[in-house]
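What follows is a single structure, written as structure tokens, with notes after it.
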Amino acid sequence: MADDKFTAIIVGAGPAGSTAAMTLAREGCDVLLIEKGPTPGAKNMFGGRMYCHVLNRLIPEFWEQAPVERAVVSENITFLNEGRSASLSCRNEDWAKPPFHSFTLLRAEFDAWLAEKAEEAGAMLACNICVDDLLYDNGKVAGIRAGEDEMFADVVIAADGANSILAQKAGLAELFSASQVATGAKMVVELPPDTIDQRFQLSGNQGAAMLFVGDCTNGMQGGGFLYTNKSTVSLGLVINTACLQRSDRKMPDLVEDFRNGPHIAPLLEGGEVVEYSAHLVPEAGIRMTPQLFGDGILIAGDAAGLVLNLGFIVRGMDFAAASGEAAAMAVLEAKRSGDFSRSGLSIYRKLLEESFVLRDLEFYSKVPQFMENRRLYEKYPGLVTLVMSDLFTVDGRQPQRVLKKGLAAMKKSGVSLGGLAADCWKGAFSL
Amino acid sequence: MAGIWVFADNRNQVLELLSAGRSIADGLISHLAAFAADRQQAGEYIDCGADKVFLLPELPQDQPFESLVPVLADAARDENPDVILIGASSRGKEIGARLAAALNSGLCSGCIGFELDSAAKTLKMDRLIFGGAGVQTVVCTQSPQIATVPPKTFEPALPEQGRKGDIHELKAPPPSPVRVLDRVPRQRDSVDITEAKIVVCVGRGLEKKEDLDLVRSLAEALGAEIGCSRPVAEELQWLPEEVYLGISGKKVKPSLYVGVGVSGQVQHITGIRDSKVIMAINRDENAPIFDAADYGIVGDLYQVIPRLIEELKEALRA
Amino acid sequence: MKRLTVEQLLGIDKFVVDDEEAHIVLDKEVCRGCAAKPCTFACPAGLYTVKAGEISFDHAGCLECGTCRLVCPYSARAISWRYPRGGFGVLYRYG
Amino acid sequence: MLRIVTCFKWVIDDADIRVDAESRKLNLARAGYKISSYDRNVIEEGVRIQEQHGGTLAAVTVAPPTAKPCLKDALSRGPDAAWFINDPSFADLDAHQTSEILAQTVRSQIEFDLIICGEGSGDLYSQQVGPALAEKLGIPCITWVNKLTFDEEQKQIIAHRKLEEGMEIVSCPLPALVVVLPDINSPRIPTLKQVLGAAKKPVHDVNMKTLGKVPEAHLRTDKILAAVMDRRRIRVAGDAEGIRSVVNSLIREGVIS
């Protein structure tokens, strides 16, 4: 290897970048993984849970060594409306047994561990370096510039996160629009592990995941989340950035309202906030996918908008890792054919389509549009909580049939039967 | 021979150390010795509690004060003092560290207080660690037990009539290879916020630059220097960077700190935590500065300050 | 539980503030013409505030999410946004 | 040829220390480590002198083996080689032990003309290791330096010492040890090439096999407690009455007159 020429330079040591680096290094490629934080993960945050399937394939039984928090066994969706709430819960004890379904985790530790795996495989890791620009040779991306230093490679993999600076510089993507992303803000609240066990009905390595719709976003498109870690709880809001643009409440106030509200406060009583963080979440699905490759460059992870939000399931890390792996496979293929041009790298898209990444995004392609329906956040939480609380109310008055109660509640919530039927149909059709 | 020794490169600190040293000497039934630059000083130190004074040799003009270390080490080897307290000025810190190394003993740097265990003849000494977040209590396991003590840690000893003491002249040290080429005294007229007795600190609660005049009139009424929080200097640039207080800025320890519209982020508090009295004016009753303050005035600074100035003038006139 | 102000929340976090270079620079001239100022609501760190009718911003405390430049109606002109220099900015202990 | 040795310490990042006010316990559980910020100035000063006068530049640390990441960090800042004096027992050394271990290693293994140390370490801040090391090596020591130049002709250094009473400008022949203040320079941020280059620089591993035995501590730590800010938190309204009561209290306490 020439001193400053690599097979691949990967920008961003998150799950996409580190997976790509590890995969390439395992195949003996010279790989440089560049991270702007002092350690991988120091700049990263997410809601709180990773689905295991991809990583378990790449690093079998990774949970034996990775810093994961709890295995989620309890899934909950809660509608919030003022003092009322209504929840849908599901529990599966098998999810907390190998091969595990999903883990809650904290990125500062986890991403550092994954990058270490890439280093162990032979990738070179450079931290504290912010990549400023791409270098070109005859119109093909030929490397990167960081400060005064230039570094060359056959291919650059941009895994630089939701702000995807490099994809824009390469002309492969526009700046995401506010409606295509959401702003996530999170607090990490410290509680003793046994308190978490008791309050969320967990034991051992078990964890809970909770999503919230309604008041917590002030009726804006988005929701709240809560994930239990070993001795902390991750709690936050994700609100569509375009909605936030028209908000009359400040984002940090909404997060504090949520934490101190009647539904969350008892769960976190006595806890201490130990971190506050924020990040963008791509949420427009397949519609926002940029050109995933160009001459000498591939885009992976959040930078490529590869996140799937179904409302009851939010997936980002498994998409990131899988896209990182696919990018690495594409580079290996390009290396074999000696063609790192756009056409040489075009296999990346095929690999993503063959894997679950683009398949799932395509399958759920209508979901993001469905999610934009304001009734989901403004009307239905009120309706559901009203119907449910009526169902459980005993007040000595003349009893009414459930259907009648429902219709009354719909009227009160300003929901028409036709509208509800249409939304149900759309939901059933898109999800 | 044993004894408690105190050493500092300036008179004020010698007097402070004499009062600390006296309590140790009494507790251990030992004698107290100090180091003086001349006979007049020696007399004063004896009046203030020293039983013995070592007279330091006069140094040639090109020799730094620290070249006295071999003389001090020789004296300590001769007399085996139990404890040596050294004033933690810049020079004192170097002298302490080198002396401890020369005598192969332990040194507690920045001792902010101690407890004497007379039975074990040891000092349990407190010092700050982790940038002020922790207090470490240490005991020196060797003899002499050495500590450097920051200025103003103890009240100066007061003279007492009729005290007697020996004066012992020390010989000149070997010439130091470190030669002084020039000495430039510090400019006294430039404002040094860290020296101010009273500091009025401006925070982001101030609405516009012109309102600094209001703060200035408060500072005038108090006889204070004006400092500010980070954004006021860095972002708004209303005041020079030399006066922003905080973990990355200046650290102050005035007798009175008055925060005006300062919210009180931890980074700022770290820079003011050694103030004797902290007072805060803020409209937001939840502002964290109130938890770090002795006196908190909850109110709009534009109304509070004029009233405060009035009250101050009236009270101070009386 | 005690309600925390955004300043208190940011005070919990760890920052290595770059005193030499601000990674976000505003053109206050453009901001003056902006009536809505959505940045003052959307920024999760609450770093955009209005002082005497003018926008006030400090890059210390920035969580580097990028929300401000997306909600800004005059984005390209008003906000020059990039990540802090390597090693600077927010550092998450948990993430 | 000028042979420069810079000493640095890998310390707990005090920004990560959490305090439990009630039990006065310090919680270091999630604390990260970094090169003591004072020592970044030390290495930068070494680099600066090497840039002007050539010669060699070494970086030396005494640490437990877990501090290994410090080597790449230090080397990316410019030194040609590192000396990693390590043993699991080196986690909580006092200033005497650290300076003794450094003195032993330097005496037996490292050729030098100029040693540079920092004002103090970011964790214990004893401010002793530099002067103590000089004393143990029997070389002159110049402390609290905020400007340092090397006079090649006279083979001496000229240093500006910042003291309470003002500046003292001194000269000293080599070998010597200099303790520098943070305002002597602004450490540069390592570039990508420096970060990559650091991985290829030599690291000399010095361990108990070479050292023989660990010197005994001269300070025994009895306890470490969180420093608490004991403030009175008296709150008054911003009316004339409230303000008057505060003014009166301030006068009583003697802080204003």
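Here D:Gln127 meets each of (1) crowded, with 20+ Cβ neighbours inside 10 Å; (2) at the interface with chain B (Cβ under 10 Å from one of its Cβ atoms); (3) touching a Leu at 6+ places or on another chain (Cβ under 9 Å); (4) not small (Gly, Ala, Ser) with one exception, condition (3). Picking from residues in the range D:217-257 that are in a loop (DSSP other than H, G, I, E, B) and modelled with pLDDT of 95 or more, the one that is nearest to the other protein chains (Cβ to nearest Cβ) is D:His218. Taken together, B:Ile297, B:Ile272 contain a single residue that is buried (at least 18 other Cβ atoms within 10 Å of the Cβ) and in contact (Cβ under 8 Å) with a residue 24 or more places away in the chain, which is B:Ile272. The single residue among C:Gly46, C:Gly11 that is closer than 18 Å to B:Gly203 by Cα and either touching a Cys at 6+ places or on another chain (Cβ under 6 Å) or part of a helix (DSSP H, G or I) (or both) turns out to be C:Gly11. For the range B:229-239, the criterion of being outside any helix (DSSP H, G or I), within 9 Å of another protein chain (Cβ to nearest Cβ) and in contact with an Asp or Glu (Cβ under 9 Å, 6 or more places away or on another chain) is met by at least one residue. No other residue among D:Val11, D:Val19 is more than 19 Å from D:Glu111 (Cβ to Cβ) and surrounded by fewer than 22 Cβ atoms within 10 Å (Cβ to Cβ) apart from D:Val19. Might you let me know whether the range C:3-10 holds any residue that is farther than 13 Å from A:Lys250 by Cβ and surrounded by fewer than 20 Cβ atoms within 10 Å (Cβ to Cβ)? Yes: one or more hits.
Considering each residue of the range B:146-182, count those that are outside any loop (DSSP other than H, G, I, E, B) and touching a Leu at 6+ places or on another chain (Cβ under 9 Å), and give that number. The total comes to 7. Note on the range C:1-59: among residues that are under 11 Å from the mean Cα position of the chain (by Cα) and small (Gly, Ala, Ser), the one that is modelled with the lowest pLDDT is C:Ser56.
For the range C:15-30, the condition of being under 25 Å from A:Asp257 (Cβ atoms) and touching a helix residue (DSSP H, G or I) at 6+ places or on another chain (Cβ under 7 Å) holds for none of the residues.
The residues in the range D:47-90 that are among the polar types (S, T, N, Q), in a helix (DSSP H, G or I), surrounded by fewer than 23 Cβ atoms within 10 Å (Cβ to Cβ) and in contact (Cβ under 8 Å) with a residue 40 or more places away in the chain can be counted, and the count is 3.
Name the pairs: first residue in the range D:143-163 and within 11 Å of chain B (Cβ to nearest Cβ), second residue among the aromatic types (Phe, Trp, Tyr), Cβ to Cβ under 7 Å, at least 6 apart or on different chains? Qualifying pairs under 7 Å: D:Ile157/D:Phe150; D:Arg161/D:Trp144; D:Lys162/D:Trp144; D:Leu163/D:Trp144.
Out of the residues in the range B:190-210 that are under 21 Å from the mean Cα position of the chain (by Cα) and assigned to a loop (DSSP other than H, G, I, E, B), state the one that is modelled with the lowest pLDDT. This residue is B:Ser190.
Okay, residues lined up against (1) touching a Pro at 6+ places or on another chain (Cβ under 8 Å); (2) assigned to a helix (DSSP H, G or I); (3) within 27 Å of A:Ala284 (Cα to Cα):
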| site | (1), (2), (3) |
| --- | --- |
| A:Phe340 | no, no, no |
| A:Gly344 | no, yes, no |
| A:Met388 | no, yes, no |
| A:Thr393 | no, no, no |
| A:Pro399 | no, no, no |
| A:Asp423 | no, yes, yes |
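Of the candidates B:Glu285, B:Glu242, the single residue that is modelled with pLDDT under 90, over 23 Å from D:Glu253 (Cβ atoms) and more than 9 Å from every other protein chain (Cβ to nearest Cβ) is B:Glu242. Might you check whether a residue that is surrounded by fewer than 23 Cβ atoms within 10 Å (Cβ to Cβ) and hydroxyl-bearing (Ser, Thr, Tyr) occurs anywhere in the range A:224-231? Yes: the range A:224-231 contains one or more residues that are surrounded by fewer than 23 Cβ atoms within 10 Å (Cβ to Cβ) and hydroxyl-bearing (Ser, Thr, Tyr).
Only one entry of B:Ala50, B:Ala37 meets the criterion of being closer than 30 Å to B:Asp182 by Cα and within 23 Å of the chain's Cα centre (by Cα), and that entry is B:Ala37.
Among residues of the range D:122-175 being at pLDDT below 95 and in contact with a Phe, Trp or Tyr (Cβ under 8 Å, 6 or more places away or on another chain), the one that is farthest from D:Glu51 (Cα to Cα) is D:Asp123. Number of residues in the range A:164-178 that are closer than 28 Å to A:Val255 by Cα and in contact with an Asp or Glu (Cβ under 8 Å, 6 or more places away or on another chain): the value is 1.
For the range D:196-216, the candidate set comprises residues that are free of Cβ contacts under 8 Å to residues at least 60 places away in the same chain and in a helix (DSSP H, G or I); within that set, the residue that is farthest from D:Gln109 (Cα to Cα) is D:Leu196.
Would the range B:254-266 turn up any residue that is part of a strand (DSSP E or B), within 11 Å of chain D (Cβ to nearest Cβ) and out of contact with any Ser or Thr (no Cβ under 9 Å at 6 or more places or on another chain)?
So the first thing to find is which residues in the range B:254-266 are part of a strand (DSSP E or B), and the list is B:256-260.
Imposing the further condition that a residue be within 11 Å of chain D (Cβ to nearest Cβ) reduces the set to B:256-258.
Pick out the ones that are also out of contact with any Ser or Thr (no Cβ under 9 Å at 6 or more places or on another chain) and you get B:258.
There is at least one residue in the range B:254-266 that is part of a strand (DSSP E or B), within 11 Å of chain D (Cβ to nearest Cβ) and out of contact with any Ser or Thr (no Cβ under 9 Å at 6 or more places or on another chain).
Looking only at the range C:70-83, decide whether some residue is at the interface with chain A (Cβ under 7 Å from one of its Cβ atoms), farther than 27 Å from A:Cys127 by Cβ and part of a loop (DSSP other than H, G, I, E, B). No: the range C:70-83 contains no residue that is at the interface with chain A (Cβ under 7 Å from one of its Cβ atoms), farther than 27 Å from A:Cys127 by Cβ and part of a loop (DSSP other than H, G, I, E, B).
Residue under question is B:Val215, and the condition is that it be more than 21 Å from the chain's Cα centre (by Cα) and in a strand (DSSP E or B); does it hold? So that I can check it myself, show each step before the final result.
Details: more than 21 Å from the chain's Cα centre (by Cα): yes; in a strand (DSSP E or B): no.
No.
Residue count for the range B:196-224 satisfying the condition of being touching a residue at least 24 places away in the same chain (Cβ under 8 Å) and within 13 Å of chain D (Cβ to nearest Cβ): 11.
Given the options B:Gln187, B:Gln136, B:Gln142, name the one that is part of a loop (DSSP other than H, G, I, E, B), within 13 Å of chain D (Cβ to nearest Cβ) and buried (at least 16 other Cβ atoms within 10 Å of the Cβ). Walk me through how you get there before you give the answer.
Values: B:Gln187 fails: buried (at least 16 other Cβ atoms within 10 Å of the Cβ); B:Gln136 fails: part of a loop (DSSP other than H, G, I, E, B).
Of B:Gln187, B:Gln136, B:Gln142, the one residue that is part of a loop (DSSP other than H, G, I, E, B), within 13 Å of chain D (Cβ to nearest Cβ) and buried (at least 16 other Cβ atoms within 10 Å of the Cβ) is B:Gln142.
Among the residues making up the range C:40-58, a single one is buried (at least 18 other Cβ atoms within 10 Å of the Cβ) and either in contact (Cβ under 8 Å) with a residue 40 or more places away in the chain or at positive phi (or both): C:Gly46. Within the range A:26-52, if we keep just the residues that are more than 15 Å from the chain's Cα centre (by Cα) and surrounded by fewer than 24 Cβ atoms within 10 Å (Cβ to Cβ), the residue that is nearest to the other protein chains (Cβ to nearest Cβ) turns out to be A:Pro38.
Would you pick out the residues in the range B:13-65 that are basic (Lys, Arg) and closer than 21 Å to B:Pro151 by Cα?
Within the range B:13-65, the first condition is being basic (Lys, Arg), and the residues that meet it are B:22, B:39, B:52.
The answer is B:Arg22, and nothing else.
When A:Gln369 is tested against (1) more than 16 Å from the chain's Cα centre (by Cα); (2) modelled with pLDDT of 95 or more, just one condition goes unmet, and that condition is (2).
The values are calculated or read from the model by the stated rules, or taken from the named source; none is laboratory data. Source: prediction; values computed, not measured. Backbone-built Cβ (ideal geometry, glycine too); neighbour counts: all protein chains shown.
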